[in-house]
């Protein structure tokens with residue numbers, strides 16, 4: 001409490017309790033002082049800065065005080081100090097008793113320090129309030145700007161999709177028109193072939209009937225003349241009836257439903273020439289389907305394990321993305337894009353080699369040394385199994401490959417153990433010999449440019465369908481150990497090297513386009529080989545009873 005009234009009434013020294021010459025008052029200690037105690041008080045280092053006033057000025061001095069002092073509970077003195085050791089207010093007498101050698105500070109200085117720290121804290125919080133106010137203003141402004149920007153982008157998205165819908169409708173109409181034109185042209189061509197063959201058959205039947213009648217009624221004396229007539233007429237009755245069958249259109253369908261979005265994003269990216277989050281419309285529509293874009297690494301899309309099968313012999317892809325798989329148990333399985341077996345046929349011979357014709361029918365050969373047969377079987381679209389052709393009993397049928405003309409290439413091993421490749425028509429008739437090598441033909445493939453690839457144990461021969469030599473690739477260096485290969489729709493040669501588990505892609509001009517490293521967990525004794533590339537551009541690898549489907553194009 002303030003002690004001004006007490007100072008004015010009590011005229012004794014608060015230190016020595018003398019009532020002689022009590023003329024002074026210490027404003028900091030709030031004590032009355034005599035002359036002797038005043039001199040002693042000013043020599044104390046801690047009290048040198050105290051303000052000592054005459055008793056007559058104490059009334060004015062107490063009005064300027066900012067520190068309220070309370071009496072010490074032990075010494076009936078005012079608490080003038082703060083003991084920082086005990087965190088307690090103490091009087092001057094406490095300094096020499098219970099708080100001796102403690103860390104203390106004058107109460108007004110302690111209060112000043114505390115007050116300054118509190119003001120700093122409050123100023124800091126005040127600055128935080130100002131900062132938060134600015135943040136709220138920035139957020140409000142950005143929110144409005146963001147909302148306007150997003151509405152603008154949504155409008156651009158609508159414009160892009162409206163434009164895309166128009167382009168797709170135009171493209172759909174264009175494709176329909178082209179297909180109709182091609183269909184009408186091919187139908188007319190086949191009708192003309194049919195008409196010509198029909199008319200020739202009728203004319204041939206009529207002439208045979210007439211000549212047969214003359215032969216029946218001819219006597220022995222006129223037989224020589226009739227013989228000359230019949231031979232002459234038969235020579236005239238010739239017609240080139242070689243069929244020119246149109247190629248079936250190949251429709252490459254999407255493998256999985258979730259790929260719709262990925263394909264749409266690719267198309268939109270091509271249209272807009274930018275990323276989808278910066279939607280800007282443009283009129284370009286230049287998706288290039290003829291240039292392959294390879295992935296950085298092979299992506300394992302699917303692993304299929306065929307139940308009840310111990311070894312996979314061969315594979316051949318259909319135009320709808322499904323895959324025919326021949327196995328050692330003399331079964332032919334049709335596997336869809338999701339790895340499901342949708343059809344399983346029990347064959348009379350092993351389907352060691354397969355080829356799918358443009359008509360959708362699949363051919364099967366037994367392979368060298370397996371039952372030693374020269375018969376090629378055919379599975380129709382209704383899954384009826386018939387004999388496609390039966391070659392000479394002296395040969396064994398090996399690898400097969402179908403051409404875009406609807407014909408087939410057949411690798412055989414002749415009676416002296418040498419390899420040959422025959423070019424057969426869609427009806428199984430031999431057209432010509434494509435190649436003859438001194439070793440066994442291990443693999444046959446053909447690309448879109450009608451280049452025939454024939455592999456033996458040491459090299460790959462590149463021939464034309466007419467049997468003309470084009471090039472030769474020796475299986476050495478990086479191609480040493482190449483086991484199998486297939487041709488993709490870009491006329492590239494995709495080679496699989498089993499000893500180092502790598503896939504190399506070569507152009508039709510033998511330039512290396514891409515080299516993939518294969519990372520599949522497999523036992524050391526398990527043999528992996530390439531089986532086929534399906535209509536959706538996925539590589540199918542075979543490993544005993546397991547199939548690995550890999551994505552190699554973007």
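Bear in mind these aren't lab numbers, they're just calculated from the coordinates by the rules spelled out. Everything numeric in this text was worked out from a predicted model, so none of it was measured. As a convention, Cβ positions derive from the backbone with ideal geometry for all residues, glycine included, and neighbour counts pool all protein chains shown.
If neighbour count is taken as other Cβ atoms inside 10 Å, put 23, 310 in order from fewest to most.
Ordered by Cβ neighbours within 10 Å, fewest first: 310, 23.
Can you compute log10 of I(q)/I(0) for segment 103-198 with the Debye formula, treating each Cα as one identical point scatterer, at q = 0.16, 0.19, 0.24 Å⁻¹?
Computed log10 I(q)/I(0) values: -0.90, -0.99, -1.12.
Could you work out, for segment 294-553, what percent of all Cα-Cα pairs fall into each 5 Å distance bin, beginning at 0 Å and stopping at the bin that holds the largest distance?
1, 6, 14, 19, 21, 19, 13, 7, 1, 0
Using the scaling law 2.2 N^0.38 Å as the reference, what is the normalised Cα Rg of segment 348-498?
Expressed relative to 2.2 N^0.38 Å, the Cα Rg reads 0.99.
How high is the relative contact order of the chain, given as a whole-number percent (alpha carbon pairs under 8 Å, six or more residues apart)?
8
Which order results if 325, 210 are arranged by neighbouring Cβ count within 10 Å, fewest first?
Ranked by crowding around the Cβ, least crowded first: 210, 325.
Relative to the longest principal axis of the chain, what angle (0 to 90°, nearest 10) does the C-alpha long axis of helix 107-217 take?
Rounded to the nearest ten degrees, it is 0.
May I ask for the distance between the Cα centers of segment 313-336 and segment 359-411, given as a whole number of Å?
After rounding, the separation between the Cα centres reads 14 Å.
For segment 325-365, what is the largest minus smallest coordinate of the Cα atoms on each principal axis, given in angstrom and ordered from greatest to least?
Cα extents, longest axis first: 27, 25, 12 Å.
If R0 is 30 Å, what FRET efficiency do you get for residue 121 and residue 96 from their C-beta distance, rounded to 0.05?
Calculated value: 0.25.
Between residue 480 and residue 349, what's the calculated FRET efficiency when r is the beta-carbon distance and R0 is 30 Å? Round to 0.05.
0.35
On alpha carbon coordinates alone, what is the Rg over Rh value for segment 421-540, Rh being the Kirkwood radius?
Reported Rg/Rh, Kirkwood definition of Rh: 0.98.
Diagonalise the Cα gyration tensor of segment 487-554 and give the resulting equivalent ellipsoid semi-axes, square root of 5 times each eigenvalue, largest first, whole Å.
Computed over segment 487-554, the values are 21, 14, 10 Å.
At 7 Å along the Cα-to-beta-carbon direction for both residue 554 and residue 35, put a label point, then send me their distance in nm to one decimal.
10.6
Which value at 222 nm does the chain reach when only helices count, each DSSP H run of 4 or more adding -39,500 (n - 2.57), with the total divided by all residues and rounded to the nearest 500 deg cm²/dmol?
-10500 deg cm²/dmol
I need 483, 172 ordered by Cβ neighbour count within 10 Å, fewest first.
Going from sparsest to densest Cβ surroundings: 172, 483.
Evaluate the relative contact order of segment 294-553 (contact order divided by residue number), counting alpha-carbon pairs under 8 angstrom at least 6 apart; express in whole percent.
16
Once you treat every alpha carbon in the chain as an equal point and sum by Debye, what is log10 I(q)/I(0) at q = 0.11 Å⁻¹?
Normalising to I(0) and taking log10 leaves -1.08.
Specify the inter-centroid distance of segment 69-132 and segment 188-245, based on alpha-carbon positions, in whole Å.
When both Cα centres are located, 133 Å separates them.
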